[in-house]
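Q: My structure is below; once you've seen it, I'll send some questions.
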Amino acid sequence: MNIFKTLKPLTFALFTTVMCSLPLLGVSSVHASAASTPLKSAPLKVTLSPSDPTWQLAINNKLLGPTEVLIEPTERGFARQVQPLLQAGNYSEVAALFKGRDISQDSTALNLLRAQVLLSTKDFNNAELAYLACLKASPDLVKAHQGLSLLYMQQAKYDKAQIHLVHSIELGQADAQSYAQLAYIHVQHSQPWSAVAAYRQALMLAPETSQYQQGLLFALIESGDLSQANALLKELLNKSPDKAELWLQRAQIALQLDQKKQALAAIEVALKLNPKDTSNQLLAAQLHLTEGSTERAVSLLKQGLKHATKQQQVEVINTTMQTLGWLVSQQKWGLAKELIGSAKRLTKQLPRDEQAQFSVYSAQIAMQQGNTKRALRSLNNALKINPNLGDALLSLASIYRSKGQLTQAKLMYVRAQALPDYQLSAWLGLSQIAIDSKDYPSALKHLRKALQANPQRQDLITNIRALENIVRQEG
């Protein structure tokens, strides 16, 4: 019986099967399956926010003339003192003069001025007290309700702002700014249809105000009315082609229509206008990966890693980790090496398990460079952090097997087979070691386990039958 004639092709067949089934040098099954979908995450979305509004606060500069509320005769001397300061816009000096006066002794007119001046100097607490003092004396004082709505909006207290804003509109202050403020509050409350209605009211009264037009555009996109949004966007881009925000809104519309190439083109224009917008660099990187422009994606990620603020670092490094996994699965080692070099300084921002995964990626690159010593060091470091990291266990097993250290390789596979996501790879690895050691019954046992757990792997049946023949012949 010539066992060796049967053994040679069998060994080669099993070797091929094992190597095709194992994740690439420690890449997990998630990464290995990512060839057609580079990054598996939430739906891609442009980082948009309603443009920061600029609201006008009218300060009463004519205390001595007829107004909605009047100062007391005893206050005329103070009024003459502050009048030139008000006309010159020296509000901080006026605020300092008010500190010497008792709010409870001043008239409603003077307290209204106090509130307006303090709001303009961002002394929100004292401005609020002054406005509330006005409303206590005169509950329907429009300017006090209007001022409080502005005050609360600047503090992002939108529920309180809305109460006073609606009251001021009901009292007759139905101007363009009031409707635009109300629209902005609806946006903050995630009520885009209400925001659309309010912005349209504002634009009826002030049709050329770009701030209101852009607010309406944002609300239309959020509401899903993309045809109206597109029409308005074209008009705005014709007027202001250098506004990065408008190109980002075009990108968002394209993404909602699943037009990734158009979205990418728009984001690239926005990035030319605002090169350090990290959030949209990340989005562009993901789109470039989807569209096959891997080099550009890596370049954008490297820029994001360089310029990210502390608040953005976690998002940047998470996207980088996903991208690294995909690059490794595609064996794009040069790009993976570039990205690892740029990301290394930020890895401390990662959770410990992801720090371990980063070490695995570093090991994979070291292996490609033939630096087994560095690869072993990185993998052992990964397992110190997470002893159950399947990627690291399989990678170590692969290294030990290539060095002929079968006992150590077997130990790694045994540990990996306890992890459900890595059982198949571990059983195939153990089968290969058993074949290398001519322990065919053990190889057969591991292959049967693999087939039982993965009946769709019909390619294993041929190897099982071949091993069964060998065991019978030896038996």
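Q: Using DSSP loop states and a limit of at most 14 other Cβ atoms within 10 Å to flag GluC sites (Glu not before Pro), what is the longest stretch of the chain containing no flagged site?
A: That would be 209-475.
Q: Tell me the mean residue ellipticity at 222 nm calculated for the chain from its helices only (DSSP H runs of n ≥ 4, each -39500 (n - 2.57), averaged over every residue, nearest 500).
A: Details: 25 runs with 337 residues, N = 475.
Per the formula, -22500 deg cm²/dmol.
Q: Let me ask something additional. What does the net charge come to around residue 431 if you take all other residues with beta carbon closer than 15 Å to its beta carbon, with K and R at +1 and D and E at -1?
A: So the environment of residue 431 carries a net charge of +4.
Q: Tally Lys/Arg at +1 and Asp/Glu at -1 over every other residue whose Cβ is under 14 Å from the Cβ of residue 412; what's the total? Write out the running numbers ahead of the final one.
A: Numbers: positive: 401, 403, 410, 415; negative: 391.
Here the charged neighbours net out to +3.
Q: If you take the beta carbon distance between residue 388 and residue 439 as r and set R0 to 25 Å, what does 1/(1 + (r/R0)^6) give as a FRET efficiency, to the nearest 0.05?
A: Efficiency at R0 = 25 Å is approximately 0.40.
Q: Send over a whole-number figure in Å² for the accessible area per residue of segment 123-239, probe 1.4 Å.
A: Value for segment 123-239: 44 Å² per residue.
Q: On a 19 Å Cα-Cα criterion, which of the cross-link pairs 157/310; 410/445; 243/272; 310/348; 239/261 come out too long?
A: Among 157/310; 410/445; 243/272; 310/348; 239/261, the Cα-Cα distance tops 19 Å for 157/310; 239/261.
Q: Accessible area per residue of segment 383-426 at 1.4 Å probe, in Å²?
A: 46 Å²
Q: Taking loop as defined by DSSP and a crowding limit of 14 other beta carbons within 10 Å, which trypsin sites (Lys or Arg not before Pro) in segment 430-473 fit? The partial results should precede the final answer.
A: Numbers: sites: 438, 445, 448, 449, 457, 465, 472; in loops: 438, 457.
Answer in residue order: 438.
Q: Here's a follow-up. Tell me, what % of the accessible area of segment 351-416 is carbon and sulfur with a 1.4 angstrom probe? Intermediate results must be reported in sequence, preceding the final value.
A: Details: 1390 of 3000 Å².
Ligands and nucleic acids excluded, carbon and sulfur reach 47 percent.
The values are calculated or read from the model by the stated rules, or taken from the named source; none is laboratory data. Keep in mind that this is a model prediction, so the values were computed, not measured. Neighbour counts run over all protein chains shown; Cβ positions are idealised from the backbone, glycine included. Just so you know, the surface numbers come from the protein's heavy atoms only, side chains and all, with ligands and any DNA or RNA stripped out. Shrake-Rupley method; radii C 1.70, N 1.55, O 1.52, S 1.80 Å.
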